[in-house]
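Since the structure comes first, as structure tokens, the remarks are kept for the end.
The values are calculated or read from the model by the stated rules, or taken from the named source; none is laboratory data. Here the structure is a predicted model, which is why all the values come from computation and not from measurement. As a convention, Cβ positions derive from the backbone with ideal geometry for all residues, glycine included, and neighbour counts pool all protein chains shown.
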Amino acid sequence: MKIAHDFRTHSMFALVAGAYLLALGTTSISAQSPAGASKGITRASQKEIDQHIDQAWMKKAMFDLLDHWRDASVMPNGFIQENLDRQWKPWGTQREASLNGQGRQLYTMVEGYEYSHDKKYLDAMTRGADFLLKMHDDQYGGYYNRTKPDLTVIDDTKTGFQTFVIFPLAHAFQVTKDPRYEKAAMDQWHVMRDKMRDGQFFKGTMKRDFSGPATSPLGGRESRAGVAPAPPGGVPAGAPGGGKGGFNPGRHSLNVHMFEALLALYDATKSKEVWAEITAELAEMEKLYDYNLGYLPEGFDENWKSTGGTNFNVGHLFEWASLFSRAVELGADPKFVALGGRSIDLALKISYNKPDGGVWMNASVNGDIARKYMIWWTECETLKATARYAILHGRSDLWPYFDQTLAFVKKNFLDTEYGGWFEGVIPGSPREALGDRAYIKGAVDGPEWGSYHQTTMFTDLLHLASR
């Protein structure tokens, strides 16, 4: 199949746990007017913020990363090449555009333009957006999951990564005010709202025509994006990379990136219908929240009972915390700050690497670590969430975690010779212990990784520190 159109149109864990339970366990959360955006925000002093966040360094580090991606990855036709070696040359065999990779990397070009106003970023953003929009399925709506650089369709399923159309285009509209991007983002939101609804939330992988559940022909390659190779013997079920990958058609799930996309879409458009969706989802999330452990489960059985167990995707614990805070910043009920704060406390309690800083990518409430491995995106989400709650929500106790983790990232993840970030590190082991993944700058024939998490971290910290 080939697309034949030219459619163009983004700790105080023990101390506070009881108080959170008392305050939240019996109170229904109603829709909050965006007019109340200042509620729940107790901003730290600029002096305190500046002691921990060097804005000049943050901006420089962001462009040290994004300049390489702009020049090496965005092809003349807008296809974004993710498989890159240490010196930013194409590596491996995969030459594919996925909604995950194309959409996320498009977002980074948008932010590059927003913070630089450099026409090189505007050109890269425009080309990348045009290619993404050409991945649209004109017959059934939505977007093809993967295509080749010439837009030949590889995977026509409609997956949860449809959110990575909304997210970057919402940001692109906010930055450029180009109505094409607003229309495309809103149209995609309407398609997902009308065709991928699963109760108050959204289904996982569906057939091209949205008629029912489907399995991606790419199998584990598609479902393990951002997950490092499993250790010998595998990892525990429930941990990232453990058990069956992807969405289980017979079950229910929450998609952290759909909520992220909705917040971006509302921020860009101030759409009342999008805000209604956000507040309705938050009300359901309150009901699904695990008040015992202090986190929002993501997987559920047919009766919406959590199947999360005791093994956690640590990065998502931090991501949900950041998104709850961002929702409050936009006007949601401030009680969600407490929910997010508990998620941070849980993540730090089970996964923080006290000797060196940073967090393990997956961990158990029993203190078990499936693999002593630290991956780039989890560290980014740790930095983003701890700083956000320290700056906006009075959690100055989180600054030591932020400071130590940032020092760990600077020492272990930044490639001072060729620029960019390394994927991960095994503390105490030489980089070469990671084999082929030791020095690469992008995806390895499947599981995407690029500059999305770093960019969301840099831009969030710059946004929080500069007001």
Take the stretch 127-180 and flag every residue that is of a type in the set (A, V, I, L, M) and surrounded by fewer than 24 Cβ atoms within 10 Å (Cβ to Cβ).
Leu133, Met135, Leu151, Val153, Ile154, Val175
When you look at Ser351, is it crowded, with 24+ Cβ neighbours inside 10 Å, under 20 Å from Asp460 (Cα atoms) and not basic (Lys, Arg), yes or no?
no
Pick from the stretch 283-316 the residues that are over 23 Å from Ala332 (Cα atoms) and in contact with a His (Cβ under 7 Å, 6 or more places away or on another chain): which of them is surrounded by the fewest Cβ atoms within 10 Å (Cβ to Cβ)?
Trp304
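Table: residues versus (1) of a type in the set (D, E, K, R); (2) more than 28 Å from Tyr439 (Cα to Cα).
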| site | (1), (2) |
| --- | --- |
| Gly103 | no, no |
| His136 | no, yes |
| Tyr143 | no, yes |
| Lys148 | yes, no |
| Leu169 | no, yes |
| Gln188 | no, yes |
| Lys195 | yes, yes |
Given the conditions (1) modelled with pLDDT under 95; (2) assigned to a helix (DSSP H, G or I), which single one is not true for Thr279?
(1)
I want to confirm something. Restricting to the stretch 181-211 and keeping residues that are of a type in the set (Gly, Ala, Ser) and crowded, with 22+ Cβ neighbours inside 10 Å, which single residue is farthest from Leu106 (Cα to Cα)?
Gly204
Among the residues of the stretch 423-437, is there at least one that is in a helix (DSSP H, G or I), modelled with pLDDT of 95 or more and surrounded by 16 or more Cβ atoms within 10 Å (Cβ to Cβ)?
no
Within the stretch 87-115, track down each residue that is crowded, with 17+ Cβ neighbours inside 10 Å and of a type in the set (Ser, Thr, Tyr).
Ser98, Tyr107, Thr108, Tyr113, Tyr115
Subset of the stretch 452-467 [modelled with pLDDT under 95 and of a type in the set (S, T, N, Q)]:
Ser466
Identify the single condition in (1) over 16 Å from Phe318 (Cβ atoms); (2) crowded, with 17+ Cβ neighbours inside 10 Å that Lys410 does not satisfy, given that it satisfies every other one.
(2)
Pull out all pairs, ordered by first then second residue, where Cβ-Cβ is under 8 Å, the residues are six or more apart or on different chains, the first lies in the stretch 111-137 and is closer than 18 Å to Pro76 by Cα, and the second is at pLDDT below 95 and of a type in the set (Ser, Thr, Tyr).
Leu133/Thr9
Scan the stretch 377-398 and give yes if some residue there is at pLDDT below 95 and either more than 18 Å from the chain's Cα centre (by Cα) or of a type in the set (Gly, Ala, Ser) (or both), otherwise no.
no
Among the residues of the stretch 227-234, is any in contact with an Asp or Glu (Cβ under 8 Å, 6 or more places away or on another chain), crowded, with 16+ Cβ neighbours inside 10 Å and at pLDDT 70 or above?
no
Restricting to the stretch 245-276, count the residues that are closer than 17 Å to Ala170 by Cβ and either at pLDDT below 95 or not charged (D, E, K, R) (or both).
17
Any idea which residue in the stretch 365-394 is nearest to Gly442 (Cα to Cα), counting only those that are among the small types (Gly, Ala, Ser) and not in a helix (DSSP H, G or I)?
Ala370
Go over the candidates Leu323, Leu317, Leu414 one by one and state the one that is of a type in the set (A, V, I, L, M) and closer than 20 Å to Arg43 by Cα.
Leu323
Having 2 or more residues that are farther than 20 Å from Arg70 by Cα is the bar; report the helices (runs of 4 or more DSSP H) wholly within the stretch 109-204 that clear it.
163-176, 179-195
